[in-house]
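These notes are about the structure you will find just below.
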Amino acid sequence: GRLVLQAGANVQDTCVMHGFPGTDTVIEHDGHIGHGAVLHGCRIGRNALVGMNAVIMDNATIGESAIVAASSFVKAGMEVPPRVLVAGVPAKVMRALSAQEIQWKSEGTQTYKDLAVRSLNTMREVPALAEVEPGRKRLEISAEVKPLIERKQAQAKAAGD
């Protein structure tokens, strides 16, 4: 089948996208697929996130701005509503997502898009390093980009002060 990635789709390393002949596997605009996920003949909605190592089976649909937790298994034909968290084996709807969680997802996807543009604009061939350089400069990105758990911990700490 066809693999369709719409504008802004982000597919991480070691993902597998596949489908039966005559079917489409689709990632809509700003869909984000985590490392090692498997998509088989399914549709990932606009701004949705599929977590690392999750599996989405045939004819499943992940709704707009929904999140599939890491290592979850979405059964064939499941329709995940928009703006919810699903998790488990098999995946079940756990709860609605907060505006903060959806914003975090959108910001994460934008960071990956920005990194891709930056890489394409600055990439150049260099000789291979024989060994790691002491004090080698690291990639600089916004300090605001951090795991959601760290944001929540910082907010809880600030609320307790």
What number of residues within the range 69-113 satisfy the criterion of being assigned to a loop (DSSP other than H, G, I, E, B) and not β-branched (V, I, T)? 16
Here are some residues: N53, N47. Which one is surrounded by 18 or more Cβ atoms within 10 Å (Cβ to Cβ), assigned to a loop (DSSP other than H, G, I, E, B), at pLDDT 95 or above and not β-branched (V, I, T)? N47
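Just one of A130, A69, A76, A96 is hydrophobic (A, V, I, L, M, F, W, C), in contact with a strand residue (DSSP E or B) (Cβ under 6 Å, 6 or more places away or on another chain), more than 18 Å from N10 (Cβ to Cβ) and free of Cβ contacts under 8 Å to residues at least 40 places away in the same chain; which is it?
Answer to the check: A96.
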Of (1) assigned by TED's automatic domain parsing to the domain that holds P147; (2) basic (K, R); (3) surrounded by fewer than 17 Cβ atoms within 10 Å (Cβ to Cβ), K92 fails just (1)
Residues being surrounded by 24 or more Cβ atoms within 10 Å (Cβ to Cβ), out of contact with any helix residue (DSSP H, G or I) (no Cβ under 8 Å at 6 or more places or on another chain) and not in a loop (DSSP other than H, G, I, E, B) - total across the range 29-44: 3
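The values are calculated or read from the model by the stated rules, or taken from the named source; none is laboratory data. From a predicted model like this one, the values you see are computed outputs, not experimental measurements. Methodologically, a virtual Cβ is constructed for each residue, glycine included, from the backbone with ideal geometry; neighbour enumeration extends over all protein chains shown.
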